[in-house]
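Presented below is the structure to which this report refers.
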Number of protein chains: 2
Amino acid sequence: MKDVGHCPLQCEKINSVLSRIGDRWSILVMIALKGRQVMRFNELKRHLGITQRMLSLTLRELERDGLVNRTAYATVPPTVEYELTDLGQSFAETIGVMGEWAVEHLAEIDRARAEYDRRNAA
Amino acid sequence: MKDVGHCPLQCEKINSVLSRIGDRWSILVMIALKGRQVMRFNELKRHLGITQRMLSLTLRELERDGLVNRTAYATVPPTVEYELTDLGQSFAETIGVMGEWAVEHLAEIDRARAEYDRRNAA
DNA sequence: CAGTATCCTTTACGATACTG
DNA sequence: CAGTATCGTAAAGGATACTG
């Protein structure tokens, strides 16, 4: 992303994090790994309903950022397992906080949205 | 977004929230409002380095979701103030948790990334 | 000042086909 | 099984010009 202007420090940092895991898939992959500990490629694919391409790209980025660990076994056919690193685990906790908020307040958002739409109905 | 397959409840909720405020600007706007309480349109624009178009769209969505309040005064030229609602304030707290994580661990991500790149340097 | 309208570019993502 | 490569589409977002 580009320059964020006069934002405070924390703002820039959040921005950096969001630039990295701000896409929907990264977070969903981490949530999946958080609950299941270790998962294989196609297991994740089926679980999330993600395409091979996006899962491949997403996992590579998460690995690059030190959030997930990739372990390949030299079997035929190949076996590859993914799991959260300690860093990834710690971030997943943070996501969990947001998840709890979501579960608690999503209905309120829906209500607000419905009312807004009702008010602005042409 | 589309079907998330066999994700647990929390996963779907998180996904819903991310679909709403998952873009970079929504979160940055909320952070700005969190710190400053009340801000006017152009004040936010200058503060964030966002384009008029994106700020306008972002604020409307946040208002629609019940996260920010918009108050227009019938002055000439017009004065419009934005602030977080209680719901928005509560969500901003959640963002704050992520912000703290970011401040604490961003350097680790950078290290991991640098090392990954070094290992995979052709 | 606080927007809206239009255009255009970039990015994200899916679909599909192929491979060690 | 676990990917990569290629292609096409749709959405996000910036630049610019205009308005009550």
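All of the numbers you see were taken from the coordinates with simple rules; none came from a lab. Being a predicted model, the structure only gives us computed values, none of them experimental. So basically every Cβ, Gly included, is an ideal-geometry build from the backbone, and we count neighbours across all protein chains shown.
Some notes on this structure:
- Taking every residue in B:104-117 and counting other chain Cβ atoms within 10 Å of its Cβ, the average works out to 5.
- Mean per-residue shielding of peptide A:21-31 is 3, counting Cβ atoms of other chains within 10 Å of each Cβ.
- Look at the alpha carbon pairs under 8 Å that are at least 6 residues apart: their mean separation over the length of the stretch B:9-119 gives a relative contact order of 25 percent.
- For the peptides B:98-105, B:28-35, B:60-67, the ranking by packing is B:28-35, B:60-67, B:98-105, with the highest mean count of neighbouring Cβ atoms within 10 Å listed first.
- By Cβ position, the chain B residue that hugs the axis carrying B onto A most closely, with its distance in whole Å, is B:97, 3.
- Computing FRET efficiency as 1/(1 + (r/R0)^6) for residue B:83 and residue A:120, where r is the C-beta to C-beta distance and R0 is 22 Å, gives about 0.65.
- Förster radius 25 Å - calculated FRET efficiency between residue B:93 and residue B:73, Cβ distance, rounded to 0.05: 0.30
- In units of the rule-of-thumb radius 2.2 N^0.38 Å, chain A shows an alpha carbon radius of gyration of 1.33.
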